[in-house]
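To start, the structure under review is shown below, and the notes come after it.
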Amino acid sequence: MPSLHLSVPIYRTTGVKKPKTHLVGMNYYRNAQYHEQNALKKEYHDLVAAQITSDITFVRFEVTYTLWYKRTCDASNIVAVIEKFVLDALKECGVIPDDSVTCHIKSTWTVAGKDPTLPRVEITVKEIV
């Protein structure tokens, strides 16, 4: 059964003169200005699109998110934002037809552990038959 594996960072740095690093989660997204939210979504779309190397498509699918964190955080806040951006990117890239309940059947997430050098979410998409 085909699957797609992706990896995206959970931190984003903004600002040129005074760079600031943000944990990409619900709190950051909620407080960000509209143009910053759009830029963030585009960045994740580009990260996902760059990792799609074949013409793989899924009709009915499940997604697994594996979180590697830098320091203690609220995993569900991070995965919620990442999931939205990744599914939208997969839809725009033609990998999935839709992210509605008729296609996106299941999501699970787990915390893999601490990785202070490369905090990320690893994503696996699998077809459900």
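In the chain, the DSSP beta bridges split such that about 70 percent are antiparallel, to the nearest 5.
The listed residues D99, D74, once ranked by accessible area (1.4 Å probe) with the largest placed first, stand as D74, D99. For the chain, the relative contact order comes to 42 percent (Cα pairs under 8 Å, sequence separation of at least 6). Cross-link partners for K42 among the aspartates and glutamates, with Cα-Cα distance under 20 Å and sequence neighbours closer than 8 places in the same chain left out: E83, D88, E92, D98, D99, E122.
Surface composition of the chain: carbon plus sulfur atoms hold 54% of the accessible area, using a 1.4 angstrom probe and ignoring ligands, DNA and RNA. Between the residues L47, L87, T72, the greatest Cα displacement towards the positive end of the dipole of the chain, with unit charges on the Cβ of Lys, Arg, Asp and Glu, is found for T72. Excluding ligands, DNA and RNA, the accessible surface per residue across the range 1-128 is 58 Å² with a 1.4 Å probe. Taking a straight line from the alpha carbon of K41, these lysines sit under 19 Å away, with near neighbours fewer than eight places off in the same chain left out: K20, K84, K91.
Using heavy atoms of the protein chains and a probe of 1.4 Å, the accessible area assigned to E43 is about 80 Å².
The values are calculated or read from the model by the stated rules, or taken from the named source; none is laboratory data. Computed from a predicted model, the values in this text were never measured in an experiment. Positions of Cβ are generated from backbone atoms using ideal geometry, with glycine treated the same way; all protein chains shown enter the neighbour counts. When the accessible area is computed, the model is the full protein with side chains, heavy atoms only, and any ligands, DNA or RNA have been set aside. Shrake-Rupley method; radii C 1.70, N 1.55, O 1.52, S 1.80 Å.
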